[in-house]
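Encoded as structure tokens, the structure appears first; notes follow it.
The values are calculated or read from the model by the stated rules, or taken from the named source; none is laboratory data. Keep in mind that this is a model prediction, so the values were computed, not measured. Because the Cβ atoms are built from the backbone with ideal geometry, glycine has one as well, and the counts that use them run over all protein chains shown.
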Amino acid sequence: MRSDKKNLIVDLTFDFSLDVINFSEKLRELKKFEMSSQIFRSGTSVGANTREAQNAESKKDFIHKFKIAAKKADEVEYWLELCEQSEHYPSSKKLIEKLKPIIKIISKIISSSKGG
């Protein structure tokens, strides 16, 4: 299924992962190690699973990889919202705003791949 053509969701999730890395490093500088690790793992996993889906062995595998990406997107959104609401963490508003369209696109990919 992999193609060398531009792929919007792959590009968006890759860019999001880079932003997650930067935010995680900022948290590490503030000694917020646990939150940094949670955000790093779940945030970069969105892009990793999206990229994996491009090499899926079947349609079912493709959908499965995107479902994992959707779960990880929901998880990182949770951690980012905690940061945004806590007075002890830097603002994560920009990351949350970048994540919203990614979640919508992934949901659309899953539903259209299922035929519904």
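The table below gives the values:
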{"quantity": "Filter result for the condition that a residue is within 14 Å of the chain's Cα centre (by Cα) and surrounded by 18 or more Cβ atoms within 10 Å (Cβ to Cβ), over Ile109, Ile103, Ile21, Ile9", "calculated": "Ile9"}
{"quantity": "Every residue from segment 24-38 that is loosely packed, with under 15 Cβ neighbours inside 10 Å and of a type in the set (A, V, I, L, M, F, W, C)", "calculated": "Leu30, Phe33"}
{"quantity": "Subset of segment 40-62 (residues that are among the aromatic types (Phe, Trp, Tyr) and without any contact (Cβ under 8 Å) to a residue 24 or more places away in the chain)", "calculated": "Phe40"}
{"quantity": "Residues located in segment 63-99, provided they are in a helix (DSSP H, G or I), more than 19 Å from Asp19 (Cβ to Cβ) and either among the acidic types (Asp, Glu) or free of Cβ contacts under 8 Å to residues at least 12 places away in the same chain (or both)", "calculated": "His64, Lys71, Gln85"}
{"quantity": "Residue check for Ala48: closer than 19 Å to Ser111 by Cα, modelled with pLDDT of 95 or more and of a type in the set (Gly, Ala, Ser)", "calculated": "no"}
{"quantity": "Any hit, segment 106-113, residues being touching a helix residue (DSSP H, G or I) at 6+ places or on another chain (Cβ under 7 Å), within 18 Å of Val10 (Cβ to Cβ), part of a helix (DSSP H, G or I) and not aliphatic (A, V, I, L, M)", "calculated": "yes"}
{"quantity": "Selection from segment 39-50 of residues that are of a type outside the set (A, V, I, L, M) and crowded, with 20+ Cβ neighbours inside 10 Å", "calculated": "Phe40, Ser42, Gly43, Thr44, Ser45, Gly47, Asn49, Thr50"}
{"quantity": "Residues that are surrounded by fewer than 20 Cβ atoms within 10 Å (Cβ to Cβ), of a type in the set (A, V, I, L, M) and over 13 Å from the mean Cα position of the chain (by Cα), drawn from segment 51-68", "calculated": "Ala56, Ile63"}
{"quantity": "Residue within segment 69-86 that is among the charged types (D, E, K, R), touching an Asp or Glu at 6+ places or on another chain (Cβ under 8 Å) and either loosely packed, with under 12 Cβ neighbours inside 10 Å or at pLDDT 95 or above (or both) present", "calculated": "no"}
{"quantity": "Verdict on Ala53 being touching a Lys or Arg at 6+ places or on another chain (Cβ under 6 Å), at pLDDT 95 or above and not hydroxyl-bearing (Ser, Thr, Tyr)", "calculated": "yes"}
